[in-house]
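Taking it in order: structure first as structure tokens, then the write-up.
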Amino acid sequence: MSNLLKYDVIYILDPNSTAEEMAAVGTKVEQIVNDSKGTVLKKDDWGKRRLAYMVQKHREGHYVFYHVSVSPETVAEITRNLRLLEKVIKFSIVKDTISHLKPLPRPVRTPRPVTESSHRPGAPRPSAPRAPESAGPSAPQAAPAPSAPAPETH
């Protein structure tokens, strides 16, 4: 027995297929997987959906999804059988490369204190501390002295 890998098998059936014909295709895929000592991890019947484009003169198709654990040689056998079945109008088998990966935890973000060096353009600036004002009345300011007239040149 060779190394078992995980694959996603999706096939689209003719929308005019009967329930018996749909069951026969599913049974055939499961039989191939079981004969090769693989396992069906998940089976989903997605139902009848509209296709993105015409496939063999059909605008709709009945979607079926399998998640299987099989050897690479078995994938070739599943592909061969899906090509031969007349009710299958399209299929895809993709190696599952991410199901075993766990999502990485996101780091916890803590707010930074606002400083002059971390100021962003357009954001309000933090106010600078003011100098304390004297308690007494303010001194009157003197008016500026008039300037001397400029010498005239002829």
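A few comments on the model shown:
- The one condition in (1) more than 23 Å from Lys95 (Cβ to Cβ); (2) surrounded by 13 or more Cβ atoms within 10 Å (Cβ to Cβ); (3) modelled with pLDDT of 90 or more that His58 fails to fulfil: (3)
- A single member of Glu60, Glu73, Glu77, Glu20 is among the charged types (D, E, K, R) and touching a Pro at 6+ places or on another chain (Cβ under 7 Å), and it is Glu60.
- One residue from Arg83, Arg50 being exposed (fewer than 14 other Cβ atoms within 10 Å of the Cβ) and within 18 Å of Tyr7 (Cα to Cα): Arg83
- Residue match in the range 63-73 (condition: under 30 Å from Ala24 (Cβ atoms) and either at pLDDT below 65 or exposed (fewer than 12 other Cβ atoms within 10 Å of the Cβ) (or both)): yes
- A single member of Arg130, Arg112, Arg120, Arg125 is surrounded by fewer than 10 Cβ atoms within 10 Å (Cβ to Cβ) and modelled with pLDDT of 70 or more, and it is Arg112.
- Residue match in the range 7-15 (condition: in contact with an Asp or Glu (Cβ under 7 Å, 6 or more places away or on another chain), within 15 Å of Ile93 (Cα to Cα) and among the charged types (D, E, K, R)): yes
The values are calculated or read from the model by the stated rules, or taken from the named source; none is laboratory data. Since this is a predicted model, take the numbers as computed values, not measurements. Cβ sites come from the backbone with ideal geometry, for glycine too, and all protein chains shown count toward neighbours.
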